[in-house]
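Values in this text are rule-based calculations from the coordinates and carry no lab data. Just so we're clear, the structure is a prediction, and the values are computed from it rather than from any experiment. FYI the Cβ positions are ideal-geometry reconstructions off the backbone, even for glycines, and counts take in every protein chain you see.
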Amino acid sequence: MKLLVDDNLSWRLAKALENFFPGSKHVRAIPELVWPAKDQEIWDYAIRNHFIILTNDDDFYKLAILRKKTPKVIIFRKGNTSTANLFKLLVQKIPEIESFVENEDYSIFEIR
C-alpha cells in the first residue's frame, strides 16, 4: 500500500509515512511528473504504478466521479492543519484504510 502524496501536501509527509506505507512518494520526487504536474498526469501515474493518491484537493474527487478507471484516493477534509497532525490522523486510520483499499466498491476515502 503505497501513497502518492499530492503537491498540495508537504514532501515531509511522504517522508514521515515511509515506515507505515513503504514505497510512498511525493509527486515532486517522480521525475516523469514535471512540476507542476497536472491532476490528470498524477491520476494516470497513480493508475499505472499502483499508487493511492493522498491529497486535500477536491479535483481528485471530481475525477473519481467522472472516470471509470480510478485509483484509490484519500482526501483530507481537515482544512489548514499541520503536517504532523495529518501524519497522526493518517496513521490512526491505517486499519480503515486497509479495508478501504481491499474493497473494490469504493474509490474515495475521506479523513475528517
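The table below gives the values:
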read-out	value
Whole-angstrom Cα spans of the chain along principal axes, big to small	32, 30, 26
Candidate lysines - alpha carbon under 22 Å from residue 78, same-chain residues fewer than 8 apart omitted	2, 15, 25, 62, 88, 93
Cross-link reach list, aspartates and glutamates versus residue 68, counting only Cα pairs under 19 Å and skipping chain neighbours closer than eight places	39, 41, 44, 58, 59, 102, 104, 105
The chain, relative contact order [Cα under 8 Å, separation at least 6], %	26 percent
Listed peptides 48-55, 83-90 by packing density, highest first (mean Cβ within 10 Å)	48-55, 83-90
For peptides 68-76, 27-35, sequence by mean Cβ density within 10 Å, most packed first	68-76, 27-35
